[in-house]
Structure formats: structure tokens, C-alpha cells
1. Quick one: in region 32-57, which of the residues that are under 24 Å from residue 174 (Cα atoms) and surrounded by 14 or more Cβ atoms within 10 Å (Cβ to Cβ) is nearest to the chain's Cα centre (by Cα)?
2. With surrounded by 11 or more Cβ atoms within 10 Å (Cβ to Cβ), over 30 Å from residue 171 (Cβ atoms) and modelled with pLDDT under 85 as the only criterion, which of 81, 77 stands out?
3. Report whether or not residue 171 is surrounded by 10 or more Cβ atoms within 10 Å (Cβ to Cβ), closer than 24 Å to residue 40 by Cα and touching a residue at least 12 places away in the same chain (Cβ under 8 Å).
4. Could you check, for region 153-166, whether at least one of its residues is free of Cβ contacts under 8 Å to residues at least 24 places away in the same chain, under 30 Å from residue 58 (Cβ atoms) and surrounded by 10 or more Cβ atoms within 10 Å (Cβ to Cβ)?
5. Residue under question is residue 21, and the condition is that it be buried (at least 16 other Cβ atoms within 10 Å of the Cβ) and modelled with pLDDT under 85; does it hold?
6. Testing residue 125 on (1) surrounded by 11 or more Cβ atoms within 10 Å (Cβ to Cβ); (2) over 30 Å from residue 18 (Cα atoms), one condition comes back false. Which one is that?
């Protein structure tokens, strides 16, 4: 198979990488939360850039983990090409054979006990369905917020507008704030 659709030999590594993404995502979220607490709200662009960097870092971490797991797998390493031998004109041609890689049990491939072993295709499918579900949920919430903003009319009460203007000046917000 190609790099986009992994073959059955690389599915255990992908399964392990996706399971590692759970703790990696949690760690990124905790670190981002701690960093965002130290940055004032008026530096919205910096906060947004850091949040975006965390979003990009999670898939990058998953791909990096998958690559590391594939390199650490003895079955993948044993299939690599051996360095070429030095051949001189008077060296006779000979056939070289490499011993086959040792047989491994399915549980040894991913390092998990048999009791917790699941079909990698099921784990991959469940993970992809979860990602799709979260994207659909985010889209639905965004669409609902847009509909709510369109349905609201601007506030005309002078007292509320004065409070909002005072807060805008105290927070040093340069842009005017529309209250709906």
C-alpha cells in the first residue's frame, strides 16, 4: 500500500500512535491552558496564535509518533536494505541470502497484552468517526452562533451602551463594540 493508506503491517503502529495522541493532546491542552493564563486577554492575537500552534502540534505529534513507532519496529527495520559490499573486479559473484525476520506474536507487535488487543482497523475507524463527530459538532455550534447573531437586534438603551463604552476604555479595546 502507499503512505496515505497504510498496509496491514503498519496498522499496529498507527493504532499505537492514535492511542498516544490521547495523552499528547491532553498534555498540549494543559500546557496551552497554563500559558494562556499568563497572557492578558487584550493580547488576543498572541493567544490565538498559540492556540492555533497547539492545534497544528497535535497532528504533527501523531505523525511523528507513528514514524518513531515504525522505525522502532524490528519487522520494518529488518526489511531495510543492507549496505553494499565492496566489490572488486576479481571478486566472484555469489548469492547472498538474508535470514527471514523472526516470527512475532500479534501482541508483541504493539507491546500490548492479548487481553487489551483490538483490531487496528476498528480502532482507526473509531478514531476517525470521533474526529468527524467533533468536527460536525463544532460546525453545528458555529452555525448556531451565527444564526443567533443574525437574529439579534442592536441594543438602544443608553445606560447599557454607556457601561459597555466605559468597559471598552478601561480594557483599552481600540475597536468600537456593537451590543446586540
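1. Applying the filter and picking the extreme gives 50.
2. None of the other options fit; the residue is 77.
3. It is true that residue 171 is surrounded by 10 or more Cβ atoms within 10 Å (Cβ to Cβ), closer than 24 Å to residue 40 by Cα and touching a residue at least 12 places away in the same chain (Cβ under 8 Å).
4. no
5. In short, no.
6. In the conditions (1) surrounded by 11 or more Cβ atoms within 10 Å (Cβ to Cβ); (2) over 30 Å from residue 18 (Cα atoms), residue 125 misses (2) alone.
The values are calculated or read from the model by the stated rules, or taken from the named source; none is laboratory data. Every value quoted in this text rests on a predicted model; they were computed, and no experiment measured them. Glycine also receives a Cβ, built like all others from the backbone with ideal geometry; neighbour counts cover every protein chain displayed.
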